[in-house]
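Each reported figure results from applying straightforward, stated rules to the coordinates on display, with no laboratory input. Given the structure is predicted, the values throughout are model-derived calculations rather than measurements. Using ideal geometry, Cβ is built from the backbone for each residue, glycine included, and neighbour counts are taken over all protein chains shown.
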Amino acid sequence: MQPKYSTGFLEDRAVMSRINIIILITFLAAPAGHAQVTIEVSKITCEEYLGFSVADPRDINIWLSGYYHGKQGSTVFEPQRLKEVAEKVKSECFVKENSKLPVIQVIERVLRTSK
């Protein structure tokens with residue numbers, strides 16, 4: 001007498017194939033964990049910069065440093081200069097009159113005066 005729950009080798013493989021397909025579909029249908037965000041840097045205001053509302057100011061500083069070095073054709077990275085310029089930009093952004101100004105405008109002013 002054979003037990004009712006016994007399955008054959010082929011039936012076991014079919015069940016495993018179905019399970020693998022279900023798992024694959026689940027992973028493919030699941031939304032990505034991190035959505036990619038694009039930011040128009042020229043529109044970031046000092047207020048947004050200081051408030052971390054768009055991105056971490058350090059990330060913005062690094063991006064802006066690369067942007068300006070790229071415009072100048074320079075491949076030199078000066079960490080101390082980056083920190084100095086970042087502190088000056090931060091100080092300028094704290095000035096109430098500058099809160100609505102784009103950070104890119106403030107950094108251009110800082111770069112002109114700190115050469």
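If the condition is being surrounded by 13 or more Cβ atoms within 10 Å (Cβ to Cβ), in a helix (DSSP H, G or I) and without any contact (Cβ under 8 Å) to a residue 60 or more places away in the chain, then the range 35-58 contributes E47, E48, Y49, L50, P57.
Considering only the range 59-109, state which residues are in contact with an Asp or Glu (Cβ under 6 Å, 6 or more places away or on another chain) and surrounded by 17 or more Cβ atoms within 10 Å (Cβ to Cβ).
Result: N98, V106.
It is to be established whether one or more residues within the range 86-108 are of a type in the set (K, R), in a loop (DSSP other than H, G, I, E, B) and free of Cβ contacts under 8 Å to residues at least 60 places away in the same chain. Yes, the range 86-108 contains at least one residue that is of a type in the set (K, R), in a loop (DSSP other than H, G, I, E, B) and free of Cβ contacts under 8 Å to residues at least 60 places away in the same chain.
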